[in-house]
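Here, each number is a calculation from the coordinates, and none is a lab measurement. The structure presented is a predicted model; accordingly, all values stated were derived computationally and were not measured. Cβ placement follows ideal geometry from the backbone for every residue including glycine, while neighbour counts extend to all protein chains displayed.
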Amino acid sequence: MATPIVTGAERLSPEDLEELHIRIATAASLGDQNVNTGAFISDILVARRDPVPLYVSTPDDDDEPIRLGIATNDLKVWNSIFKVIKLGQIDALDHFVELGLNINLLHPMWHQHPLYYAVQSSQTNMMRHLINLGADVNAFSCAPSDIWKAINIDIMIIPDREKPRTPLMCAAEMGNLNICKILCETAFADPMLVASDGQTAQRLAAKNGHKEIVEYLPANRDGTFLRLKCEFLILYRLHCRRLLSSVVAYPPSS
């Protein structure tokens, strides 16, 4: 038998409203263009076993769970924000901004700024919009780790804290010349910045074979010592792991 449709958002409790917003945000993050709020309300009310007192909601009350999640740096809210960025949903992002989102904060787990993630997702219009909202074009974010690149889990990113990258470095490494030009010529991103591992935007482009970007960006020979230091640490850690593995595999006899 079909589920009866129950109308009346005014009957939703604060807990029901939170569930409603989660359902709407989830549908939006999945790109569902036919979000049926009435059906969501009906499902929530029909599933409720015990009657609750009448609760009259206002627009501010509807947004309160999201506003609280932004204020407390809630991981689920940030995941929804980054999903909106990945899908290029500018109106949805603006709603988060209206509720108090600071676009220059880092994702609490991925350690990436919204602008960096927009570049990483090749969302040019979203990138422009974030720049217009005042995003810092020279802020460093954590690049995805090689482990994440290998397994390519879409619902999460494993950050590499030893590979800080600016949005320009990200675009150069990916080979996106158009985004590089927008960042340099419109947003005045600094192509001479050097990451803590000694990498620059031009060097990352050269490392990945993007000749046009190498020719476009200015040469920068800084960071040699940092690169050597980083390479030494990588080799040292690899040696320690091999040594530990050999000890575990062949423990000394008593």
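Would you mind checking which residues have amide H under 5 Å from Ser196's amide H? H placed 1.01 Å from N; only 5 or more apart, or other chain.
Excluding prolines and chain starts, which carry no amide H, there are no hits.
Based on the mean of other beta carbon atoms within 10 Å per residue, what is the order of 189-195, 133-139, most packed first? It would help to have the intermediate numbers written out before the result.
Working: 189-195: 17.6, 133-139: 16.0.
In decreasing order of mean packing, 189-195, 133-139 become 189-195, 133-139.
Return the sequence-ordered ³J(HN,Hα) values of region 99-113 in whole Hz as given by the Karplus equation 6.51 cos²θ - 1.76 cosθ + 1.60 applied to θ = phi - 60°, using x for Gly and Pro.
8, x, 5, 8, 6, 9, 8, 8, 4, x, 10, 7, 6, 10, 7
Once R0 is set to 30 Å, what does the formula 1/(1 + (r/R0)^6) return for the Cβ-Cβ distance between Ser145 and His95, expressed as a FRET efficiency to the nearest 0.05? Write down the numbers at each step before the final one.
Details: r = 31 Å, r/R0 = 1.04.
E(calc), rounded to 0.05, equals 0.45.
Amide H neighbours of Lys163 under 5 Å, counting only residues 5+ apart in sequence or on other chains, H built in-plane at 1.01 Å?
Hits under the 5 Å cutoff: Ala143.
So if each residue of separation counts as 0.36 nm, and I subtract the Cα-Cα distance between Lys76 and Phe188, what length gain in nm does that give?
37.1 nm
Points 7 angstrom from Cα along the Cβ direction at Asn178 and Leu133: gap in nanometres?
2.1
With θ taken as phi - 60° and the coefficients 6.51, -1.76 and 1.60, list the Karplus ³J(HN,Hα) couplings across region 73-88 in order, rounded to whole Hz; mark glycine and proline as x.
Karplus-based 3J(HN,Hα) across region 73-88 equals 6, 5, 5, 5, 5, 5, 4, 5, 4, 5, 5, 4, 5, 4, 8, x Hz.
So between Arg221 and Thr124, what do we pick up on full extension, going 0.36 nm a residue minus the alpha carbon distance? Don't skip to the answer; put the middle values down first.
Numbers: separation 97, 0.36 × 97 = 34.92 nm, distance 2.92 nm.
Length gained, Arg221 through Thr124: 32.0 nm.
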